Amino acid sequence: AVVAVHGDGSAVLVDGGCTVALSVCLDGIDGGDGAALTALPALALRVGLPASYPLEAGEVSASAPWLPPGELQDVERALRGVWAEAAGDGEPVLLLLVQEVMDRGARLAAAAIDEDGALAEYSAEREAERFRELEVTCPVCFTESAGSEHVRFGCGHSLCRGCFDSLSRINITEGALSSMRCVEPDCGQPMDPSTLRRELAPELLQRMERLALQRDVEAQAVFCPRCETPHVRETPLLAVCVKCFYAWCPTCREAYHPSQACETEQVKLARKLRRMEDARKAQDSERRAAEHRRLEEELKSASALRANTTRCPGCGAHVSKTAGCNKMTCHCGVGFCYACGKDFTVAGYGHFRSGLCTLFDPEEIRRWEHQMAAVDQADVQAQRILNLVRQAPQEAAERMFRCPTCRQVNLRPENGLNHIKCWACRSSSCFNCGAGILRGKVRDHFRPGGCPQHSPVVRAAAGVREG
């Protein structure tokens, strides 16, 4: 009888029946979205085969240091049930027991105890090994290559090594650390630091860490209003200078005010103006008069900023619009609505389709219409469409398309190009699906799997195709 089966095939004989030791590795566990573990170390089975095997069931036990005792007992009960059912039919049972353990992989992964993170590390290593054996398509150059030739990020997406090297070198050289993100349109998560430290060239990694440290220090640095000694911002309420011991508020740079909110810029200037007015009455000097005028100008400037600008919701900078639509993009990269000041970096033009705000103010529309009337562009376009309708009505029905942004009628190019550039608002849209396309996303819209860049002309009924 065989008491154990080892990796080298050796066996130990005992009297009557045998005991078989098995190691079941759990790999490729499908625990659904958000599952923490996709692979587990081996679970040991000890199977006692009686002399009458396979007609009679024997004893089976399971052991794994990463499973709680209660879960191990559930596994053993399930294995005894499988064996009892198979013994009635006289079937061999070892493969059935192994299959039962593998079928419970997702449940075992959910119950596993991972106090020191060893299971998560093992699962990540096995997941990386499986990824390296796959054929993966790069989302930038669309080249298909082995996963071992890709750089994989914590979000699960990847880039081929060539595209990763080019992208990281450009962004880090230009100091655009915020652009070090996953390029998948539906992801955009920052590239995880562990992957960057492992994959970046040493000189790029050193520059990236230096820029990140500089950015963090600048974001936290504050200066004493009296002696300009730099300090690290530890709390937004109180800072005490280590040099002159002045206590001040890091937010408004005024004296510490624990029971009062920070004054607005207008209130501070008005308060200073009143002080200067009292001082001017007491001592009418040229210097104080000049200071009084300067404060008055600053107060007017602050009021003008408040009345004629909108603050960026990202960095707080005042932005003034001289012409154009209400869709603004700040130098910090945040997109926002000039009318209400809301951040719509993600929503884009969808913010204006909600009806809460208009893309163009009435004054801007009138100015724009006046400018368009000056160049007679609208008449030219209308005449072009009218001539086509008169000369070739069927062709006009096939090519006319209404811009989803400004609702102006456009003509599709004769070569079947689906990319429509509106003559009125200069926005991009797709003739094939009728959707608007964000600036810089034209290539993504017409990539493989999306809308075709060219398509045959389809005979349409009379009327303008709606975007």
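The values are calculated or read from the model by the stated rules, or taken from the named source; none is laboratory data. Only a predicted model underlies this, so the values are computations on that prediction, with no experimental measurement involved. Cβ atoms come from the backbone with ideal geometry, glycine included; neighbour counts cover every protein chain shown. Surface accessibility is based on the protein's heavy atoms, side chains included, excluding ligands, DNA and RNA. Shrake-Rupley method; radii C 1.70, N 1.55, O 1.52, S 1.80 Å.
Full extension of the chain between Arg288 and Ala382 gives 27.4 nm of extra length, using 0.36 nm per residue less the Cα-Cα distance.
Treating only the Cβ of Lys, Arg, Asp and Glu as charged (+1, +1, -1, -1), what charge dipole size does the range 101-191 show about its Cα centre? Round to the nearest 20 debye.
Working: 9 positive and 16 negative charges, 32 e Å.
The calculated dipole for the range 101-191 is roughly 160 debye.
How big is the charge dipole of the range 73-121 about its Cα centre, in debye rounded to the nearest 20, if each Lys and Arg gets +1 on its Cβ and each Asp and Glu gets -1 on its Cβ?
Working: 4 positive and 11 negative charges, 38 e Å.
Computed about the Cα centre, the dipole is about 180 debye.
3J(HN,Hα) along the range 271-281: 5, 5, 5, 5, 4, 5, 5, 5, 5, 5, 5 Hz, from the Karplus curve 6.51 cos²θ - 1.76 cosθ + 1.60 with θ = phi - 60°, whole Hz, x for Gly and Pro. Look at (i) 39.3; (ii) 41.0; (iii) 25.6: the one that is mean projected area of the Cα convex hull in nm² derived from this structure is (ii).
Report the calculated FRET efficiency for Arg215 and Glu56 (r = Cβ-Cβ distance, R0 = 56 Å), to the nearest 0.05. Please list the in-between numbers first.
Values: r = 72 Å, r/R0 = 1.28.
Here the calculated transfer efficiency is 0.20.
Relative contact order of the range 54-169, taken over Cα pairs closer than 8 Å and 6 or more residues apart, is 18 percent.
Dividing the summed -39500 (n - 2.57) terms of all DSSP H runs of n ≥ 4 by the residue count of the chain sets its mean residue ellipticity at 222 nm at -12000 deg cm²/dmol.
Extension gain for Phe142-Cys315 works out to 58.7 nm (0.36 nm per residue, less the C-alpha to C-alpha distance). Each Lys or Arg adds one and each Asp or Glu takes one away; over the other residues whose Cβ falls under 15 Å from the Cβ of Glu144, this sums to 0. Between Ala317 and Cys312, the built amide H atoms are under 5 Å apart, and every one of these is 5 or more places off in sequence or on another chain. To the nearest ten degrees, helix 94-103 and the longest principal axis of the Cα atoms of the chain are 20 degrees apart. Only one residue of Val98, Trp83, Ser148 has its Cα farthest out toward the positive end of the dipole of the range 41-163, where Lys and Arg carry +1 and Asp and Glu -1 on Cβ, and that residue is Ser148.
Within the same chain, aspartates and glutamates fewer than 8 places from Lys327 are excluded, and of the rest, those with a Cα less than 15 Å from its Cα are Asp343, Asp361, Glu364. Ligands, DNA and RNA aside, Lys321 has an accessible area near 40 Å² when probed at 1.4 Å. Comparing Cys312, Phe223, Tyr246 along the charge dipole axis of the range 211-331, the residue lying farthest to the positive side is Cys312, per the Cβ-charge model.
Just want the answer: with Cβ charges of +1 for Lys and Arg and -1 for Asp and Glu, which residue in Ala120, Ser61, Ala109 is farthest toward the dipole's positive end in the range 45-133? Going by the Cα projections, it comes out as Ser61.
Within straight-line reach of Lys268, meaning a Cα separation under 19 Å, sit the following aspartates and glutamates at least 8 residues removed in sequence or on another chain: Glu254, Glu277, Asp278, Glu291, Glu296, Glu297, Glu298.
Between Val334 and Cys425, the simple spin-label model (points 7 angstrom out along Cα→Cβ) gives 2.4 nm. Label-to-label distance, Ala124 versus Glu203, with points set 7 angstrom from Cα along the beta-carbon direction: 3.0 nm. Once the C-beta distance of Gln394 and Leu134 is scaled by a Förster radius of 51 Å, the resulting FRET efficiency is 0.55 to the nearest 0.05. Placing a pseudo-label 7 Å from each Cα along the Cα-to-Cβ vector at Arg226 and Ser166 gives an inter-label distance of 5.8 nm.
So if I place +1 on the C-beta of Lys and Arg and -1 on the C-beta of Asp and Glu, and nothing else carries charge, what would the dipole magnitude of the chain be about its Cα centre? I want it in debye, nearest 20. Can you show the working numbers first?
Values: 55 positive and 61 negative charges, 803 e Å.
Computed about the Cα centre, the dipole is about 3860 debye.
Using the Cβ-Cβ distance between Arg447 and Arg46 with R0 = 60 Å, the FRET efficiency computed as 1/(1 + (r/R0)^6) comes to roughly 0.65.
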